[in-house]
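One structure is given below, encoded as structure tokens.
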There are 2 protein chains.
Amino acid sequence: MEIDIQKNVLEANDTQADINRKYFKEKNVFVLNMMSSPGSGKTQTLCKTFEKLLPDIRTGVIVGDICTDNDAIRLEKTGVQAEQINTDKFGGDCHLEANLILESAKKFKAADLDLLVVENIGNLVCPAEFDIGEDARAVVLSVTEGEDKPVKYPLMFQVADMAILNKIDLLPYLDFDAKLAVANMHQVHPNMPVFELSAKTGQGFEPWIEWLKTKVSEKTGKKL
Amino acid sequence: MEIDIQKNVLEANDTQADINRKYFKEKNVFVLNMMSSPGSGKTQTLCKTFEKLLPDIRTGVIVGDICTDNDAIRLEKTGVQAEQINTDKFGGDCHLEANLILESAKKFKAADLDLLVVENIGNLVCPAEFDIGEDARAVVLSVTEGEDKPVKYPLMFQVADMAILNKIDLLPYLDFDAKLAVANMHQVHPNMPVFELSAKTGQGFEPWIEWLKTKVSEKTGKKL
């Protein structure tokens, strides 16, 4: 019965995700769902990303956390509008569902946005199961987490359209084989683009920014 | 309805957890449930811990992962019996439930164990909701994850009996305020013991080993 109910919850979410997708198409905004373990550096990556995109790309961000608006406050310092979702009101949900996303998205002047990023709750498992109507999914893995995470948590890497391997500035101090980590990603998702970068130093950001600009341009028709 | 069903699932789990607790009492074994984000270093911490406990404390470990038996293989090299649970058979569950634990526990010669550790699935949210009949809960936070995780994921730190702050060998290379991290833990769980250590170098292990030996001794009556 547990599995049937989970199936119903996922089906209801998928229906709402299709509604979201239609809304985002009308608004002509590219939506990126960014997922990872807690502490992989999603927020820091987004801060540096927004600094490079603004003001040319009009950007907003929805931030999911169980508690606190720490991340929204950090992100707003870059100049983006940030909308925080806290799931402690909903039993401390471990992921964001499509209905919460649409509710938050309506708080933006979405007609004026080119890019809407959803920073999902830090969890390498459950958010992968919930379509939110996004155009693309990013997974962030930090080099401190170990090379085998893609094969231990394969669904997340299978549903992602690209991956960021973050915190490469720490490689000299770790026993971490970046080539093996990328090979493990490609074992579960062949040919997925992987951007190795450091959100702290800015090293390796250009290919990721180019990827994002291309995607925004393809969706919105805006020349960048 | 989703919330009601979740409640039923949790209630069924609690009932099974009580059965587990009775089983572990009969077997006179201390059970520790170790939880954390992916990549915090649970396995490495346990490898070093088992090296210090064996053969005086007869130890077994149940290892939860969605996929792979990588961690069980690593742990068995210390000489412990390791039983892997993979949840990909159960829809890729993001946590371990009490029924799976009892099934695995019965594969041990539990009459001969003083300590049974459960290395839970890497997830800082969902495992906190599922009682498995354990005697104590440990949460591992790595210094690479950021100081604010205890306030962003409070339930995990509230249900834990103690915390390990791992990877302190990396502190010189990070902007991480260990005092603030501990203060955040104590904000959500006043006076919780916190052991700052490095599973890589072995630094700081003694207080944690002493805590564990005391707990095993209290439960089993064995002098250590």
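The set of residues in the stretch B:28-45 being away from chain A (no Cβ under 14 Å) and either under 17 Å from B:Y153 (Cβ atoms) or aliphatic (A, V, I, L, M) (or both) consists of B:V29, B:V31, B:L32, B:N33, B:M34.
Condition check: part of a loop (DSSP other than H, G, I, E, B) and either within 29 Å of B:E145 (Cα to Cα) or under 17 Å from the mean Cα position of the chain (by Cα) (or both). Does B:C67 satisfy that? Here the answer is yes, as B:C67 does meet what is asked. Does at least one position in the stretch A:18-28 carry a residue that is crowded, with 22+ Cβ neighbours inside 10 Å, touching a helix residue (DSSP H, G or I) at 6+ places or on another chain (Cβ under 9 Å) and more than 22 Å from A:G221 (Cβ to Cβ)? No: zero hits. Counting the residues of the stretch B:86-122 that are at pLDDT 95 or above, assigned to a loop (DSSP other than H, G, I, E, B) and acidic (D, E) gives 2. Residues that are of a type in the set (V, I, T), surrounded by 15 or more Cβ atoms within 10 Å (Cβ to Cβ) and over 13 Å from B:V140 (Cβ atoms) within the stretch B:179-219 comprise B:V182, B:V188, B:I209, B:V216, listed in sequence order. Only a single item in (1) under 30 Å from A:P207 (Cβ atoms); (2) within 14 Å of another protein chain (Cβ to nearest Cβ) is not met by A:N20, and it is number (2). Quick one: is A:G60 away from chain B (no Cβ under 14 Å) and on the phi > 0 side of the Ramachandran plot? The answer is no for A:G60. At least 2 residues being in contact with a helix residue (DSSP H, G or I) (Cβ under 6 Å, 6 or more places away or on another chain) and more than 28 Å from B:D175 (Cβ to Cβ) is the threshold, and among the helices (runs of 4 or more DSSP H) wholly inside the stretch A:135-198 those reaching it are A:154-159, A:178-188. The residue list A:D114, A:D161, A:D169, A:D175 contains one member that is within 14 Å of chain B (Cβ to nearest Cβ), within 23 Å of A:K52 (Cβ to Cβ) and either in contact with a Ser or Thr (Cβ under 9 Å, 6 or more places away or on another chain) or surrounded by fewer than 23 Cβ atoms within 10 Å (Cβ to Cβ) (or both), which is A:D169.
The values are calculated or read from the model by the stated rules, or taken from the named source; none is laboratory data. The shown structure was predicted, so the numbers you read here are calculated from the model rather than taken from an experiment. Positions of Cβ are backbone-derived with ideal geometry, glycine not excepted, and every protein chain shown enters the neighbour counts.
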